[in-house]
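Everything below concerns the one structure shown next.
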Amino acid sequence: MSSDASEYTIGGVKIMFPCKAYPSQLAMMNAIVKGLNNRQHCLLESPTGSGKSLALLCSALSWQQSLYEKSLLTSSCEKEDRKPETSPPCGCTCHSQSRSNEAATSVNGGASCSSNNYESGSSIKPRSLLTNTEYKENETLASKLSAKKRSSLCDNENGDFQVDRKRIRPLETEQQVRKRHCFAKGVQLVDALEVYHQRKNGELIVHSEKSVKTTTFSPKTSSGPCTECSCSSGKATDKDTGNTKKKENGARSFIPKIFFGTRTHKQISQITRELKRTAYSSVPMTILSSRDYTCIHPVVSSSGSNRNEMCVELLEGKHGKSCLYYHGVHKLSEHHALQSAHRMYQAWDIEDLVSLGKKLRACAYFAARELMVGADIVFCPYNYLLDSQIRESMEINLKGQVVILDEAHNIEDCARESVSYSVTESQLRAAREELDLMVNNNIRRKDHEPLRAVCCSLINWLQESSSLLVETGYETSCKVWSGKEMLTILHKMGITGITFPILQKHLATVLEKEEKMSVLGREELIVIPVVSPATQIVLKGLFMVLLCLFKDNSRYADDYRVALQQTYTWVNENQVDVSDTNAFSMRPKRKRSLRQKTVVHMLNFWCLNPAVAFSDLSDVRTIVLTSGTLSPMDSFSSELGVKFSIQLEANHVIRNSQVWVGTVGAGPNGRKLCATFQHTETFEFQDEVGALLLSVCQTVGQGILCFLPSYKV
């Protein structure tokens, strides 16, 4: 950070700014802090080039840091006021053995146990703006936790059933948690070499894809609760205690995450560069992006449009293959955690994570998702926050969080697209055939049959409605229904507001890859086949748009249009060219491409109201929308269906004396500048505009910004 950094106190929050702030930046920071404190939504307009991104980052992160400081001080005061409660020592066999082991290790292995003091203490997440006093209090809390962890490690030092030291690392011991977070909604790792452990009633049950075996162990050496005396009922594990404290503290201990959404991935790079300039560059962060930007698997990354499906197949262990980069996810996560612990953490970009992933042979895609758990700020394209399917697959929970959408002038289009859906007749037929296969093989038949009926009804309706199509252009036909009319059609299919929740339960059931079954009087998890990722996408998309149609007693039905389109496409079919075969020639046979014209029926559910997407964000703490062009504010707010209590139209940082507005009718060579369609295609017009831009660039230093009427121009 530069030496001319400034400090501002706005709304009781101390904000460190890397330079002297413009008046428009101060106005923005004041509005943001006010909205965050009062749980109000903000609609902020500030001209391009006035430093909106810097004001957003500094104000939001400083407010978040102030909550951490208050929480730390409150917890320290509570610990000082709380009286320690002592309980008489237990006389059972297992605890006597534990105390004897502790005594032995304190004499023989004390040095080895104490060597982990710093490592354990550093697991407390540091904050970038803690004062010296607060940081000492943090060290005190860390030392207590490290001593508690050190004693638990020493207790099991000489036990027969020892916990693997490598599994002590948080990310390693939370392998099943990561597995649930990443794959519970449709992506799950099934690997024949991987086993997972579950303690149940004094037994270690080892589950594998190929076999299930049970091994008993002695409770005397167990690290779990004692089952031979009543002391276990009065004590809880550390994990349960933490959860209880979290529940007791309630909203006071909950620190909201900041989800910072931009329009494109390229803009995320610009935002992270701005973050590096600030005093908050060391806050834990992550960047969510698609596999197109983060996958480093040589086969998957070089594939075309089916990267997601190929990744899922590798994770499921199909064809006997697996992804070795996924198994190294913890390397990337621990690398960033270690940097944070040693206060060397700096803001990074997607390219930094991908290059590090290639170096460590670890998946950057899933590492970024793991880092979201401990991140204070999460960067992503804003369709990740508006699209319910992406939120579900990425495990994004926005309840009580802070959502910032930068460059939000085209947020309406993104919101409408996120709750719209299109599917072809061939995709519906493929899904129906796969559901047929599940029913015929008696795999969750009662759940697959209703879903198959939905696909069959839609296919039959498409065939019946094809005769109603009206020609709209060359080889294109279309028929449009309103949302209310579509509800009537769905009602005839048996899909109503009453039956749809039942269908949702059937879909959730068929997507579960494991099922509890009773085998010899004992419950065990059995792997169940599920439909392919392509069929899952079709079913999830249909149910997403049906949910919007039935939501709040079909409140948004009028905001939809359902269109059936018929177009033609050319499909290439490779055939061996027989004419090239020659008995006297050793040339290989060529494949001749045969093009065949095929009819395509597309069923579209078009949403016309962006408020449908924003209705899912009603439980967000604060939504902040910023852009250089949001006016008129009232119409923009009404279209989104969100009440923005705080609105701001900031002035530009440029003085009036620096502004000149005029028209240039001709270029340097005297040719008229008429930007109609006929003239823009001519070389004379293009050369004249180029000469004009060149002359302006030679006159005006420091660069210019030029707007053209279309992307093609």
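The values are calculated or read from the model by the stated rules, or taken from the named source; none is laboratory data. Note that this is a predicted model, so its numbers are computed, not measured. Neighbour counts run over all protein chains shown; Cβ positions are idealised from the backbone, glycine included. These area figures cover heavy atoms from the full protein model, side chains too; ligands, DNA and RNA do not enter into them. Shrake-Rupley method; radii C 1.70, N 1.55, O 1.52, S 1.80 Å.
Of the peptides 465-473, 375-383, 319-327, the ranking by mean beta-carbon count within 10 Å, highest at the top, reads 375-383, 319-327, 465-473.
Suppose R0 equals 41 Å. What FRET efficiency, 1/(1 + (r/R0)^6) with r the Cβ-Cβ distance, do Tyr711 and Lys34 give to the nearest 0.05?
Calculated value: 0.60.
Among the listed pairs Lys479/Lys505; Lys70/Lys276; Lys492/Lys513, a Cα-Cα separation exceeding 30 Å is found for Lys479/Lys505; Lys492/Lys513. Going 7 Å from the Cα of Ser71 along its beta-carbon direction, which residues of segment 376-413 have the amide nitrogen within less than 13 Å of the resulting point? From segment 376-413, the list is 376-377, 401-402. The simple spin-label model puts a point 7 Å past each Cα toward its Cβ; for Arg655 and Ser6 those points are separated by 1.7 nm. A 1.4 Å probe run over segment 662-712, with the rest of the protein chains in place, finds 84 Å² accessible per residue.
Between Leu468 and Ala534, what FRET efficiency comes out of the Förster formula 1/(1 + (r/R0)^6) with R0 = 30 Å and r the beta carbon distance, rounded to 0.05? Efficiency, from the Cβ-Cβ distance: 0.55. The 3J(HN,Hα) values that the Karplus relation (6.51, -1.76, 1.60; θ = phi - 60°) gives for segment 522-533 are, in residue order, 10, 7, 9, 8, 10, 6, 10, x, 10, 5, 5, x Hz. Gly and Pro appear as x. Here the accessible area of segment 662-712 is 60 percent carbon and sulfur, with a 1.4 angstrom probe and all protein chains present.
Applying 1/(1 + (r/R0)^6) with R0 = 25 Å to the Cβ-Cβ distance of Arg273 and Ser355 gives a FRET efficiency near 0.90.
Proximity of backbone amide H atoms, modeled 1.01 Å from N, is registered between Ile15 and Tyr8, Thr9, Ile10 at under 5 Å, excluding neighbours fewer than 5 places apart on the same chain.
In this label model, Gln504 and Phe677 are separated by 4.6 nm, measuring between points 7 Å along each Cα→Cβ vector.
Full extension of the segment from Thr424 to Ile704, taken as 0.36 nm per residue of separation minus the current Cα-Cα distance, would add 96.2 nm.
Which stretch or stretches of segment 402-442 have amide N atoms under 20 Å from the point lying 7 Å from Leu608's Cα along the Cα→Cβ direction? Output list for this probe position: 411-423. Peptide packing: for 58-66, 276-284, 518-526, the average count of neighbouring Cβ atoms within 10 Å per residue gives the ranking 58-66, 276-284, 518-526, highest mean first. In this simple spin-label approximation, His409 and Lys484 carry label points 7 Å from Cα along the Cα→Cβ vector, and these lie 3.7 nm apart.
Given Cα pairs under 8 Å that are at least 6 residues apart, what percent is the relative contact order of segment 372-504? Don't skip to the end; give the middle numbers.
Numbers: 56 pairs, mean separation 19.4, N = 133.
RCO, segment 372-504: 15 percent.
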